[in-house]
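I have placed the structure first, in the form of structure tokens, so that the comments after it can refer back to it.
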Amino acid sequence: MFTGIVEELGEIVRTTDTGGDSALVAVRGPLVTSDARHGDSIAVNGVCLTVVDVDGGIFTADVMGETLRRTALGALRPGDPVNLERAAALNSRLGGHLVQGHVDGVGELLSREPAAQWETVRFRLPAGLARYVVEKGSITVDGISLTVAAVGDDWFSVGLIPTTLKLTTLGAKGPGDPVNLEVDVLAKYVERLLGDRAAGGAR
């Protein structure tokens with residue numbers, strides 16, 4: 001479990017095809033590897049990965065083909081920056097919202113509108129996710145917990161403050177760039193519960 005508060009802007013070192021529809025990804029992140037051990041969880045652009053090895057500020061993780069296909073990780077190349085966050089501890093502050101590190105779909109940055117102290121950024125929503133996104137609700141974009149400013153049938157927008165622009169990958173992304181999206185898990189549970197209730201009433 002994560003909070004969507006990026007701890008460090010890391011870097012992809014290499015991606016090695018290991019056969020059998022999988023890859024081994026090496027990521028540089030001195031802060032998140034400072035106390036990392038084999039089996040720990042680290043979110044890379046919002047994707048929960050399990051640490052296989054740590055060596056000199058670089059950690060490696062196995063990535064299944066399913067993950068590469070269903071997230072934007074497969075498009076990353078050596079040198080690309082990535083948002084990194086270690087799994088939350090039970091005694092830590094919940095600065096963002098509850099984030100699982102399970103990507104629901106890949107969106108696309110549509111436009112940026114700079115203002116004096118922030119930017120409004122609009123993203124395309126994959127089909128089927130819009131029902132989980134509400135104005136003033138939470139959404140995770142490339143592992144960053146953000147508040148939805150506005151939402152349409154196939155898009156949503158957020159306001160990015162200078163700190164987010166400087167310390168995360170969203171400061172450098174442009175129109176057409178893919179992003180990993182995770183909607184608020186609470187919305188999915190509510191939908192399931194209401195659906196079960198409606199089905200029970202129908203019976």
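See the values below:
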item: Area projected by the alpha carbon convex hull of region 1-81, averaged over all directions, nm²; result: 5.1 nm²
item: Proximal aspartates and glutamates relative to K166, as straight alpha-carbon distance under 13 Å, when same-chain residues fewer than 8 apart are discounted; result: E7, E8, E119
item: D53 accessible area, 1.4 Å probe, all protein chains in place, Å² to nearest 10; result: 90 Å²
item: Whole-percent carbon and sulfur share, accessible surface of region 26-181, 1.4 Å; result: 51 percent
item: The chain: translational diffusion in µm²/s, Stokes-Einstein, Kirkwood Rh over Cα pairs, 25 °C, 0.890 mPa s; result: 139 µm²/s
item: H38 accessible area, assembled protein chains, probe 1.4 Å, Å²; result: 150 Å²
item: Cα coordinate range in region 105-182, projected on the principal axes (Å, largest first); result: 32, 23, 19
item: Estimated 222 nm signal from helices in the chain, with DSSP H stretches of n ≥ 4 weighted -39500 (n - 2.57), rounded to 500; result: -4500 deg cm²/dmol
item: Rounded tilt (10° steps) of 185-202 against the dominant C-alpha axis of the chain; result: 40 degrees
item: For the chain, accessible area per residue (1.4 Å probe, heavy atoms of protein chains only), Å²; result: 53 Å²
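The values are calculated or read from the model by the stated rules, or taken from the named source; none is laboratory data. What you are looking at is a predicted structure, and each value in this text was computed from that prediction instead of being measured. The accessibility values were calculated without ligands, DNA or RNA, using every heavy atom of the protein model including side chains. Shrake-Rupley method; radii C 1.70, N 1.55, O 1.52, S 1.80 Å.
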